[in-house]
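For reference, the structure discussed in these notes is given below.
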Amino acid sequence: MLTLFLDGLGLGTVGPHNPLSDPGTMPHIQSLSGIPLLAGAHIQRPNFLLKPIDATLGVPGLPQSATGQTTLYTGHNAAKFRGQHQTGFANGSLRQLIEPYGLFKQVLAQGGTATLANLYSPAYFEAIAQRRWRYSVCTLLNMTAGLTFRMQYEYEQGEALFWDITGEIASSRGISTVPITPEVAGNYLTTLGNRHSVTLFECYLSDYAGHSQVYDRAVAWLQRIDRFLAAVIDTLGPDTTLVVVSDHGNVEDLSTKRHTFNAVPLWVIGPAAKAFIQVQDLTGITPTILANLCQPHAATKDI
């Protein structure tokens, strides 16, 4: 399973506030889906699923990143566990869910392999040590499973990706990288995904675009994601399933800097797509991945 997390991507309504209203924003994905990426988008074909899933988790208030991501990667409702939606980074209480129920740890317990594709730097961990930053949920997911982090030399070998896909922002985060195209990045990710039972890559571009409220920037970054996704799909191994999901809405409504109550898209492409039909909200992702790691599926190219 290759899991691509797109932060802050919801399914909204048609209008000038929503860059996804324009089919030219994500043309490859719209062509593949055959329908606009808007509220209610739902299509199922052999080896292909696109459906809306709930991100509110039955808890009042706007969905937020820390509880949404913890829910995605543990299968447990972190917002109910905390009694509220929690923004930003994981705190000690969320680690109580991530430590025992984290996706990576559970994959390893089943005898599989797991890896986080994101590029890290010494500057990141130095900022953590100095308490200028706090751990993200995916960082804790990797740490509590005892897995290593991908550093610059692995990026140079094509075995890591910065969260902006192309690496253009990396230099501002203490990483010296040569930017790559979305297509090259897509090839890097599928190479990793085809080698591991579960590979996770987190991209935050859509959330950054939503908070900036700059329409042209949102379109440009969504087009980058679109090109990246197209390359991943084109190079996906026949036995690898791609799961694309978000934690909350944001970029689909540029009229506000805040998150939205909108459903988020769940795309699944590959032989295990049918197994995700029953997923209704963020709690269903990890259990379905784990249940299908060792399941045989008929591999076809009919998507």
Quiz prompt | Simple Cβ-charge dipole of the chain, Lys/Arg +1 and Asp/Glu -1, about Cα centre, in debye nearest 20 | solution = 640
Quiz item: Taking the chain as a Gaussian network, Cα atoms linked when under 10 Å apart, which of 247, 54, 216 shows the biggest mean-square fluctuation?
Solution: 216
Quiz item: Can you work out D for region 204-287 in µm² s⁻¹ from Stokes-Einstein, where Rh is the Kirkwood radius over C-alpha pairs, the temperature is 37 °C and the viscosity is 0.692 mPa s?
Solution: 230
Practice problem: For residue 280, put the label point 7 Å out on the Cα→Cβ axis and report which residues of region 50-68 keep their amide N under 20 Å from it. | Solution: 50-61, 63, 68
Quiz item: Build a GNM of the chain with springs between Cα atoms under 10 Å: which of 87, 191, 115 gets the top mean-square fluctuation?
Solution: 87
Exercise. For an R0 of 30 angstrom, estimate the FRET efficiency from the Cβ-Cβ distance between residue 123 and residue 215 and round to the nearest 0.05.
Key: 0.40
Self-check item: Karplus (6.51, -1.76, 1.60) ³J(HN,Hα), θ = phi - 60°, over region 101-109, in Hz, Gly and Pro reported as x
Solution: 10, x, 3, 4, 4, 6, 4, 4, 5
Exercise. Please identify, among 130, 213, 106, the residue showing maximal mean-square fluctuation in a Gaussian network model of the chain using a 10 angstrom Cα cutoff.
Key: 130
Quiz item: Which far-off residues, 5 or more places away or on another chain, put their amide H under 5 Å from the one on residue 119, with H placed in the peptide plane?
Solution: 161, 162, 163
Quiz item: What residues have an amide H closer than 5 Å to that of residue 281, excluding those fewer than 5 places away on the same chain, when H is modeled at 1.01 Å from N in the peptide plane?
Solution: 54
Quiz item: Using θ = phi - 60° and the Karplus curve 6.51 cos²θ - 1.76 cosθ + 1.60, what whole-Hz ³J(HN,Hα) does each residue of region 56-73 get, with Gly and Pro shown as x?
Solution: 7, 6, x, 10, x, x, 6, x, 10, 5, 4, 6, x, 5, 4, 4, 4, 8
Quiz item: Along region 126-131, what does the Karplus equation 6.51 cos²θ - 1.76 cosθ + 1.60 (θ = phi - 60°) give for ³J(HN,Hα), rounded to whole Hz, x for Gly and Pro?
Solution: 5, 5, 5, 4, 8, 6
Quiz item: Of 16, 43, 98, whose Cα points farthest to the positive end of the dipole of region 2-291 (charges on the beta-carbon: +1 Lys, Arg; -1 Asp, Glu; origin at the Cα centre)?
Solution: 98
Quiz item: Which of 69, 85, 27 sits farthest toward the positive end of the charge dipole of the chain, with +1 on the Cβ of Lys and Arg and -1 on the Cβ of Asp and Glu?
Solution: 85
Self-check item: Relative contact order (%) - the chain, alpha-carbon pairs under 8 angstrom, separation at least six
Solution: 34
Quiz item: Can you pull out the trypsin sites (Lys or Arg not before Pro) in region 176-228 that DSSP calls coil and that have at most 15 other Cβ atoms within 10 Å?
Solution: 195
Quiz prompt | Per residue Cα convex hull volume in Å³ - calculated over region 2-291 | solution = 118
Quiz prompt | For region 132-236, the spread of Cα positions along each principal axis, largest first, Å | solution = 40, 39, 24
Quiz item: When the helix-only estimate is applied to the chain (DSSP H runs of n ≥ 4, each -39,500 (n - 2.57), divided by the residue count), what is the mean residue ellipticity at 222 nm, nearest 500 deg cm²/dmol?
Solution: -10000 deg cm²/dmol
Practice problem: Could you pull out every residue, at least 5 positions away or on a different chain, whose amide H is within less than 5 Å of the one on residue 263? Hs are placed 1.01 Å off N in the peptide plane, and Pro or chain starts have none. | Solution: 11
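None of the figures in this text is laboratory data; all of them are computed from the coordinates on show. Because the structure is predicted, anything quoted here is derived from the model rather than measured. No Cβ is skipped: glycine too gets one built from the backbone with ideal geometry, and neighbour counts run over all protein chains shown.
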